[in-house]
Amino acid sequence: MKKIWAATLAACLALPFLFWSSESEAVPVFARKYGTSCATCHIGYPARNAFGEAFRNNGYRWPGGADEDKVEIEQTPLGSEAWKKVWPKAIFPTDIPGIVPVALFMTGELFEWRGVDDKYKWGLPGELEVLFAATIGDNISILGDWAVGGEEVGFQLLWSLSEGVHLAFGGIGFTELFTIISATPNGEGDSYAVALPSPGNGFELRVAGGDAGGYSLIFGTGQGEEEWSGNPFDSRFVRATYKFGGSGLLSGSGGTMGNDMIGLDNAVTLGVNYFNSDHGVDGEKNAIGGDITATFGSVRAIGQVGRYIDTDVTQFSAELDYFIYPWLVAVVRYEDWGAPGDDRDYTYAVIPGIGAFLRANAKLGAEYVMAEHSNYNTLKVFAQLAF
């Protein structure tokens, strides 16, 4: 028995450094598995609705213990259930996806105009990402992505300890909030003002609960920005949220999300963040932040603030979304970076945009950056497709 626990402990300590992931995208693999629309979990991929949050908090399984009833494509069993009774003298049985757990995500800029030199360009081809996701047995889930042509493969392994309690290994960190309409949906570079430092590769403990509203807690530690770090626990972070009203963060709502057509529920969610690092990430060793998300009918409002203590910089983002139709949303976002950046000579900008979900998995969007200095204004028109 001691050998079993020693091997298990060694594997858990090694896993964080084998995987890297960016967990912000919708994965159509789950739509195929459950025979449902991407809109079941997303108000416009990759942004999750209330049911999508509960799905994630249940280890990427259907909330309320209804997973077996909702699955349309059955898992393939690996071994008889009887082997559980004789473990560890036999290999523990499990199952694997009954389909190839792979999907594609394409994003491309159709048109861009920039005011700094009054020039424009036609876009495409864009970027292609291979996404993969799967559940294995009762308590293992995997997520990953690979940008075609890139050097790294993103990967994350999730181990469900109990309902609403999970350990995640791989790429960890704070979830991006402003993704419903953006020409840079993963928050790359200077896309959004508030982007707290990433703890890098590591592991995090996730806890969530609530049949109506509810709470979520995330405690994580990682190696920081160094590929090879002298301290595997260099960077630590905590995120906590509390949701007032609306669908439960753990229970979901059986597929009904307040406003059935749009997928929003009437609720207010408060969040707080804390980051601390020995080595630092881009010079930042300490950061704190807070956010608020409010949904009511066809309206969603988000506010987020980040304070970078070492460099004495405070950043702020705010967004208002209005669903004109279930498939058409108008967005206006305000970004204040606190200081000019390497690739922009301005501090703040107002960014109106509009997005059309031509299908549940196809998005057409446009956004216009009205910068502090008008010669840095830009217009982007883009398309995204996942299948």
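Taken together, the values in this text are just the output of simple stated rules run on the coordinates, not laboratory data. Note that the coordinates shown come from a computational prediction; the quantities given were computed from them, not determined experimentally. Quick reminder, even Gly has a Cβ in these numbers, built from the backbone with ideal geometry, and neighbours come from all protein chains shown.
Annotations for the structure displayed:
- Solution diffusion estimate, µm²/s, Stokes-Einstein, the stretch 316-387, Kirkwood Rh from C-alpha pairs, 20 °C, viscosity 1.002 mPa s: 161 µm²/s
- Computed extension gain for Glu372 through Glu226, at 0.36 nm per residue and net of the alpha carbon distance, reaches 49.1 nm.
- Altogether, the Stokes-Einstein calculation at 20 °C and 1.002 mPa s, with the Kirkwood radius of the chain over Cα pairs as Rh, returns a diffusion coefficient of 98 µm²/s.
- Candidate lysines - alpha carbon under 27 Å from Lys243, same-chain residues fewer than 8 apart omitted: Lys70
- Its relative contact order, with pairs defined as Cα atoms under 8 Å and 6+ residues apart, puts the chain at 16 percent.
- Distance (nanometres) between label positions extended 7 Å along Cα→Cβ at Lys89 and Asn286: 5.8 nm
- Among 338-351, 237-250, sorting by the average number of other beta carbon atoms lying within 10 angstrom of each residue, highest first, gives 237-250, 338-351.
- Crossing angle, helix 2-14 versus the chain [Cα axis fit, 0-90 degrees, rounded to tens]: 10 degrees
- Gain on full stretching of the segment that runs from Val272 to Thr175 - 0.36 nm per residue minus C-alpha separation: 33.7 nm
- Applied to the stretch 264-278, the Karplus parametrisation 6.51 cos²θ - 1.76 cosθ + 1.60 on θ = phi - 60° returns per-residue 3J(HN,Hα) values of 9, 10, 6, 6, 10, 10, 9, x, 10, 9, 9, 9, 9, 9, 6 Hz, with x for Gly and Pro.
- Between Ala330 and Leu104, the C-beta separation translates, for a Förster distance of 35 Å, into a calculated FRET efficiency of about 0.80.
- Residue-wise HN-Hα coupling along the stretch 36-49, computed from phi with Karplus coefficients 6.51, -1.76, 1.60 (Hz; x: Gly, Pro): 9, 7, 4, 6, 5, 10, 10, 7, x, 3, x, 5, 8, 8
- Counted residue by residue at 0.36 nm each, then reduced by the alpha carbon distance between them, the extension gain from Ala66 to Val313 reaches 84.3 nm.
- Label sites at Leu124 and Tyr348, each approximated as a point 7 angstrom past Cα along Cα to Cβ, lie 3.8 nm apart.
- In order through the stretch 56-68: 3J(HN,Hα) via Karplus (6.51 cos²θ - 1.76 cosθ + 1.60), integer Hz, x for Gly, Pro: 5, 5, 9, x, 6, 9, 5, x, x, x, 9, 4, 4
- In the chain, the DSSP-assigned H stretches of four residues or longer account for a calculated mean residue ellipticity at 222 nm of -2000 deg cm²/dmol, using -39500 (n - 2.57) per stretch and the full residue count as denominator.
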